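The values are calculated or read from the model by the stated rules, or taken from the named source; none is laboratory data. Keep in mind it's a predicted model, so treat the numbers as computed, not measured. Methodologically, a virtual Cβ is constructed for each residue, glycine included, from the backbone with ideal geometry; neighbour enumeration extends over all protein chains shown. SASA here: full protein model, heavy atoms, side chains in, ligands and nucleic acids out. Shrake-Rupley method; radii C 1.70, N 1.55, O 1.52, S 1.80 Å.
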Amino acid sequence: MQKMGPIGIIKNSFIIFIAILLCSCKNNINTSQPIPQATKVHVMTPSFNQDSAYAYVKQQVEFGPRVPNSLAHQNCHNYLVNTLKRFGAKVALQSDIVNRYDGLEMNMKNIIASFNPDNYKRILLCAHWDTRFIADNDTKDIDLPILGANDGGSGVGVLLEIARQISLNPINIGIDIIFFDVEDQGPPNNEINSPPHSWCLGSQYWSRNPHQQNYFAEYGILLDMVGAKDAKFTKEGVSVQFGSRIVNKIWDIASNIGYSNFFVDQKTPPIIDDHLYINNLIHIPTINIVEYDQNTHNRFNENHHKHSDNMDIIDPITLRAVGQTVLEVIYQE
Ligand code: AHN
Ligand code: ZN
């Protein structure tokens, strides 16, 4: 080691003196303005990529109709599980044989992906991933299954992009993304005397047998038919009945970030969908972001349960309106 001369000692002492001065100043600032414990650390909401979401919808549609028991259903299941694992989620799988309204046995497969699995505060995001086995609103080929780009593909596509954003941008709370199976295998339009509760079999199963004992989430958000051009999302009856505060919060956030054209402040009648069973069976207040069209006979999109529910009706702008709104909701929790 080199010996230090008198100039060196003075120089070093000066540097140490300045350092102590700086430290004490910093301490003074800290003690005079303590950070309040209750203040949340501000996190920026990531940007939802509409093209990525669109590609996730297209990928599902390319497997073909995802009807339970079919090869396309199995192939899509593998794709969804692998993709969620690639995003770093802890993935739980549920499968069982359930009976369709007419008794046909269907291999039901629910997929549950968890981010921050040990966090106590959780929000549930969900959509159905199966597609309808018939085109009962169509005029031809009504016995053939539909592609379900909007009805099935769109909700899952938006949630996959949200999962990708969570994988890239750490979030403060726990998020569970559930893809429910066998939502859309209810009786045909003309069928009378079919048993009740014959829709939403996957969500009914999960609500009675959650993937974790004592599972709970503060609230849930269901996405159904969230991809059509110029879609309107109204405050649906069941959502308002069980979660009016959540509905209002989400619609306000959507409006604040510029999507009031999509999220319309109008209350519309209740519908049977996965959220109904989550509310009634596992009692997690869950709301539905679902398209409402006042000009159609069933108030859903004009292509609902028709072969025209294909990629041609999917608009990336709608996917973004929904995806960015949900991201804003969960990152500001
Ligand atoms: C009714 O048809 C009343 N409920 C089924 C909800 C649904 C079907 N969502 C998508 N496809
Ligand atoms: Zn449907």
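Which one of these is open to solvent by less than 30 Å² (accessible area, probe 1.4 Å), modelled with pLDDT under 95 and of a type in the set (S, T, N, Q): THR318, THR268, THR296, THR325?
Exactly one of THR318, THR268, THR296, THR325 is open to solvent by less than 30 Å² (accessible area, probe 1.4 Å), modelled with pLDDT under 95 and of a type in the set (S, T, N, Q), namely THR296.
Out of ASN248, ASN261, ASN288, report the one residue that is closer than 23 Å to GLU328 by Cβ, at pLDDT 95 or above and crowded, with 22+ Cβ neighbours inside 10 Å.
The match here is ASN288.
Considering segment 174-194 alone, what residues qualify as being in contact with a strand residue (DSSP E or B) (Cβ under 9 Å, 6 or more places away or on another chain) and either charged (D, E, K, R) or open to solvent by 10 Å² or more (accessible area, probe 1.4 Å) (or both)?
ASP176, ASP181, GLU183, ASP184
Six or more apart or on different chains, Cβ atoms under 7 Å: show the pairs whose first residue is in segment 269-283 and in contact (Cβ under 8 Å) with a residue 24 or more places away in the chain and whose second is within 14 Å of ligand 2 (Cβ to nearest atom) and open to solvent by 20 Å² or more (accessible area, probe 1.4 Å).
ILE272/TRP199
Specify which of the listed residues (LEU147, LEU168) is open to solvent by 30 Å² or more (accessible area, probe 1.4 Å) and touching a helix residue (DSSP H, G or I) at 6+ places or on another chain (Cβ under 7 Å).
Of the residues listed, the single one that is open to solvent by 30 Å² or more (accessible area, probe 1.4 Å) and touching a helix residue (DSSP H, G or I) at 6+ places or on another chain (Cβ under 7 Å) is LEU147.
Hey, could you check segment 92-126 for residues that are in contact with a Ser or Thr (Cβ under 8 Å, 6 or more places away or on another chain) and among the aliphatic types (A, V, I, L, M) and say which is farthest from ILE166 (Cα to Cα)?
Of everything passing the filter in segment 92-126, MET108 is farthest from ILE166 (Cα to Cα).
Does segment 253-304 hold any residues that are within 16 Å of ligand 1 (Cβ to nearest atom) and touching a Gly at 6+ places or on another chain (Cβ under 6 Å), and which are they?
Across segment 253-304, the qualifying residues are PRO269, PRO270, ILE278, THR286, ILE287.
Please find, among VAL61, VAL67, the residue that is within 16 Å of ligand 2 (Cβ to nearest atom), at pLDDT 95 or above and farther than 25 Å from TYR277 by Cβ.
VAL61
So, ALA127, is that one touching a helix residue (DSSP H, G or I) at 6+ places or on another chain (Cβ under 7 Å) and more than 14 Å from ligand 2 (Cβ to nearest atom) or not?
It is false that ALA127 is touching a helix residue (DSSP H, G or I) at 6+ places or on another chain (Cβ under 7 Å) and more than 14 Å from ligand 2 (Cβ to nearest atom).
If only one of ALA231, ALA254, ALA217 is open to solvent by less than 10 Å² (accessible area, probe 1.4 Å), hydrophobic (A, V, I, L, M, F, W, C) and more than 17 Å from the chain's Cα centre (by Cα), which one is it?
Checking each option against the conditions leaves just ALA231.
Pick from ASN107, ASN69: which is in a loop (DSSP other than H, G, I, E, B) and open to solvent by 10 Å² or more (accessible area, probe 1.4 Å)?
Result: ASN69 is the single residue among ASN107, ASN69 that is in a loop (DSSP other than H, G, I, E, B) and open to solvent by 10 Å² or more (accessible area, probe 1.4 Å).
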